[in-house]
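First up is the structure itself, then whatever we jot down about it.
The values are calculated or read from the model by the stated rules, or taken from the named source; none is laboratory data. These figures come from a predicted structure and were not determined experimentally. Cβ coordinates were reconstructed from backbone atoms using ideal geometry, including for glycine residues, and neighbour counts include every protein chain displayed. What goes into the accessible areas is simple: the full protein's heavy atoms, side chains included, and nothing from ligands, DNA or RNA. Shrake-Rupley method; radii C 1.70, N 1.55, O 1.52, S 1.80 Å.
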Amino acid sequence: MRSNNLNFAYLNHIDSLRAISVVFVILFHLNSEFFYYGYLGVDIFFVISGYVISNSIYTNQLLNNKNILEFYKKRFKRIYPILFLVIISFLIFYIIFSPLSGNTDFFLWSSISALFGLSNFYFINNEINYFLNESINPLLHTWSLGVEEQFYLVYPILIISIFKYFNGSSEKIFSVIFLLIILSFLIYYFDKGLFGNFYFPLARFWEIGLGCLAFFYPKIRNKFKLPISFIFIIFIGISIINFSNEKFIQHTNLIATIVTFFLITYLRNFDQRYLDLILKKTFLPYLGKISYSLYLWHLPVLYFCEIYFSGIYLSFLFITISLSLSVISYHLYENPLRNTKILELFFYKLLKFSPILILSIFITFFTLSKIQTINPYLFLKKINNPEKKLNKFLNRLDYKHINYLESECQNRELFLECNKISNQNHVIYLTGDSHADHLLPTVDSMNLNHTFFYNKIAECEIILKSFYLEKQFDQSSQCDDINYKKLNEELNVYKNKTLVISLRLSEYLKPGWKIYKNQNFNKKTLIIKNYKNFINFFPNSKIILVTTVPESSVHTEKCIFNEYLRKEENKNIFNECHFKRSEDIKRYNLIKSLLNDISRNHENIYIYDPYFLLCPDKICHNYNPKTDFFMLHDKDHLSIEASKFLSKDFERFINNI
């Protein structure tokens with residue numbers, strides 16, 4: 001039988017690539033605008049993971065016929081001890097040092113799903129956009145662990161089966177993996193549904209698969225290596241040519257992973273003595289060894305640093321604490337625990353009793369969801385530092401439909417339907433993006449006996465079907481074909497119909513938003529055209545176009561932390577929280593002008609302008625301590641009280657048109 005030895009040895013350049021990947025990710029989370037391409041660190045890490053686990057399976061399961069459980073045991077010992085420590089530490093610190101309002105349930109379920117290797121599915125279910133988070137999500141990075149763990153469930157069985165079927169032929173194994181990579185990438189690139197989702201494992205397996213391919217690459221004959229390299233170079237060229245279209249993320253993922261593939265395969269052919277000498281002087285191999293710990297620690301640490309610090313202190317403490325925790329946990333917790341029998345015994349016990357454990361967890365959560373229990377937040381808030389100091393502020397920033405709408409609401413097929421009293425005389429149909437969402441309390445608090453509908457159809461029809469956000473994952477997949485006939489049938493039940501459209505137009509007019517290639521218009525002209533086309537679907541309705549609200553450059557919660565929680569107030573943050581109206585007025589004028597162009601010569605189109613009602617003076621405030629008034633919930637969305645504050649004025653406006 002021919003030799004199956006791939007001459008694998010532990011290589012310093014692999015750990016160095018690990019170090020580079022984790023540094024990329026950390027810098028991205030620290031400042032995503034300045035270090036934008038840092039998100040590619042995850043893609044590099046996926047390729048490295050594929051390479052390393054292929055070596056593990058090849059050496060242990062394929063050549064030495066070890067039980068496949070040995071592979072899963074090693075993965076368990078590598079992944080779960082530090083993951084468990086980080087999540088438990090985060091939850092303890094969160095309960096004591098972080099505000100408990102708003103995201104508490106989300107963070108709790110993120111923690112649970114991360115421990116079960118399912119956080120990527122949890123983020124899919126909650127429609128979390130990796131690139132469009134206004135504030136730090138301390139467990140968002142666990143999505144990549146979910147993808148890897150799901151790959152680990154499938155890949156060992158697949159590779160062992162292929163190995164046996166093809167009698168140990170590395171070239172045939174390579175060919176099968178190559179075809180599966182192409183299939184997975186095509187799903188990621190073209191599918192706009194669940195399978196092509198940023199977090200979905202099937203859409204990401206091609207990246208880990210490239211690492212597997214890199215492992216088997218030395219074993220294939222030279223006459224096949226050149227065509228493979230040529231194909232990959234063509235892929236890079238195509239990606240560069242189409243770099244800035246709506247598939248920007250997919251193109252950058254492809255370039256980063258193929259470059260990593262080449263680095264792994266060709267650096268191993270260098271004289272390792274000289275390469276190791278160079279790399280060791282950079283400390284990259286050591287940083288690579290602690291990279292997994294560093295990856296897990298950095299985002300929870302950044303979350304707490306963002307609350308209590310700012311400026312250069314934030315960056316310094318974030319990096320120092322993250323590195324310190326990683327070094328300490330790696331040497332005093334991970335390695336010692338990995339070398340004991342405790343984890344091995346725990347793994348087999350867990351495997352043995354897993355059906356009972358899963359059933360018990362399911363019954364527990366199902367029971368708790370059905371019975372009325374004491375609200376744990378009442379107890380937790382008594383020991384929580386920010387809640388004790390900032391309770392009167394933070395409760396007012398808790399923004400959930402169940403808390404702030406007085407009307408009875410139910411989710412229908414086409415929209416959210418709300419009413420206080422069943423009334424078929426008047427309906428208000430509110431549609432748009434999140435800037436329509438923040439007007440729900442406005443409509444809900446009006447004294448009119450009316451029904452109101454809410455959905456995001458206008459965002460799809462006016463914006464997302466014509467524009468894409470460069471350097472962000474494609475968002476058009478959230479827009480289904482609209483059944484306007486059915487929608488009008490629902491609306492025509494009512495005698496008086498008012499359509500309210502509210503979009504954050506200043507965002508879509510920014511350079512980052514691009515027009516799809518099949519549209520032959522400039523941006524402003526296309527927006528006006530799309531508005532008019534959308535309005536034409538509702539010929540018997542009064543149309544209200546909402547201008548904009550004052551926008552800050554800093555999150556309101558951070559303003560509160562800066563002024564009422566920290567020992568020393570940051571003057572720069574203070575000035576951003578209490579900003580000059582003159583600095584924002586150009587943006588306002590642009591929106592007002594555009595809406596005037598849309599409404600011109602249309603008797604049924606009216607413009608509602610809340611801007612100066614919300615900011616009547618020269619200074620606009622996220623939170624105004626003199627009047628004890630929250631204008632903004634974050635940077636650009638109204639708080640609940642500000643939205644309700646508009647209700648009387650908006651009611652008067654509707655009555656007068």
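So which of F353, F318, F347 ends up being surrounded by 14 or more Cβ atoms within 10 Å (Cβ to Cβ) and at pLDDT below 80?
Numbers: F353 fails: surrounded by 14 or more Cβ atoms within 10 Å (Cβ to Cβ); F318 fails: at pLDDT below 80.
On inspection, the qualifying residue turns out to be F347.
For segment 16-46, what are the residues that are closer than 21 Å to F243 by Cβ, open to solvent by 50 Å² or more (accessible area, probe 1.4 Å) and out of contact with any helix residue (DSSP H, G or I) (no Cβ under 6 Å at 6 or more places or on another chain)?
S32, E33, F34, Y37
Among the residues of segment 159-166, is there at least one that is without any contact (Cβ under 8 Å) to a residue 24 or more places away in the chain, part of a loop (DSSP other than H, G, I, E, B) and of a type in the set (G, A, S)? Please lay out each step first, then the result.
Start the filter on segment 159-166 by keeping residues that are without any contact (Cβ under 8 Å) to a residue 24 or more places away in the chain, which leaves 161-162, 164-166.
If we keep only those that are part of a loop (DSSP other than H, G, I, E, B) as well, we get 166.
Next cut, of a type in the set (G, A, S) only: none.
No, the conditions are met nowhere in segment 159-166.
Right, E417: at pLDDT 90 or above, within 21 Å of I501 (Cβ to Cβ) and among the acidic types (D, E) or not?
Values: at pLDDT 90 or above: no; within 21 Å of I501 (Cβ to Cβ): yes; among the acidic types (D, E): yes.
The answer is no for E417.
Please go through segment 521-532 and give me each residue that is open to solvent by 70 Å² or more (accessible area, probe 1.4 Å) and over 15 Å from Y468 (Cα atoms), ordered by number.
Within segment 521-532, the first condition is being open to solvent by 70 Å² or more (accessible area, probe 1.4 Å), and the residues that meet it are 521-522, 524, 529, 532.
K529, K532 - these are the residues of segment 521-532 that are open to solvent by 70 Å² or more (accessible area, probe 1.4 Å) and over 15 Å from Y468 (Cα atoms).
Hey, does segment 162-169 have a residue that's surrounded by fewer than 22 Cβ atoms within 10 Å (Cβ to Cβ) and on the phi > 0 side of the Ramachandran plot? Reasoning before the result, please.
Here is the first cut: in segment 162-169, the residues surrounded by fewer than 22 Cβ atoms within 10 Å (Cβ to Cβ) are 162-169.
When the remaining residues are screened for being on the phi > 0 side of the Ramachandran plot, the result is 167-168.
Taking every residue of segment 162-169 in turn, at least one turns out to be surrounded by fewer than 22 Cβ atoms within 10 Å (Cβ to Cβ) and on the phi > 0 side of the Ramachandran plot.
Kindly list, by first and then second residue, each pair from a residue in segment 84-104 that is over 16 Å from L325 (Cα atoms) to a residue that is of a type in the set (S, T, N, Q) and open to solvent by 10 Å² or more (accessible area, probe 1.4 Å), limited to pairs with Cβ atoms under 7 Å and residues at least 6 apart or on different chains.
If the second residue must be of a type in the set (S, T, N, Q) and open to solvent by 10 Å² or more (accessible area, probe 1.4 Å), the pairs left are I96/N385; F97/N385; S101/N395.
Quick test for you: out of F185, F198, F205, F131, pick the one residue that is assigned to a loop (DSSP other than H, G, I, E, B), among the aromatic types (F, W, Y) and crowded, with 20+ Cβ neighbours inside 10 Å.
Values: F185 fails: assigned to a loop (DSSP other than H, G, I, E, B); F205 fails: assigned to a loop (DSSP other than H, G, I, E, B); F131 fails: crowded, with 20+ Cβ neighbours inside 10 Å.
The conditions single out F198.
Quick one: which helices (runs of 4 or more DSSP H) lie wholly within segment 554-615 and hold at least 3 residues that are among the β-branched types (V, I, T)? Explain how you work it out, then say what you get.
Values: elements: 556-564, 571-577, 585-599, 611-614.
Where helices (runs of 4 or more DSSP H) fall fully within segment 554-615 and carry at least 3 residues being among the β-branched types (V, I, T), they are 585-599.
Among the residues of segment 458-472, is there at least one that is open to solvent by 10 Å² or more (accessible area, probe 1.4 Å), at pLDDT below 80, more than 30 Å from G38 (Cα to Cα) and within 28 Å of the chain's Cα centre (by Cα)?
Looking through segment 458-472, none of the residues is open to solvent by 10 Å² or more (accessible area, probe 1.4 Å), at pLDDT below 80, more than 30 Å from G38 (Cα to Cα) and within 28 Å of the chain's Cα centre (by Cα).
What is the number of the single condition among (1) surrounded by 16 or more Cβ atoms within 10 Å (Cβ to Cβ); (2) outside any helix (DSSP H, G or I); (3) in contact with a Leu (Cβ under 6 Å, 6 or more places away or on another chain); (4) of a type in the set (A, V, I, L, M, F, W, C) that L140 does not meet?
It fails just one condition, (3).
Checking L153 against (1) outside any helix (DSSP H, G or I); (2) touching a Gly at 6+ places or on another chain (Cβ under 9 Å), which test does it fail?
Of everything listed in (1) outside any helix (DSSP H, G or I); (2) touching a Gly at 6+ places or on another chain (Cβ under 9 Å), L153 misses just condition (1).
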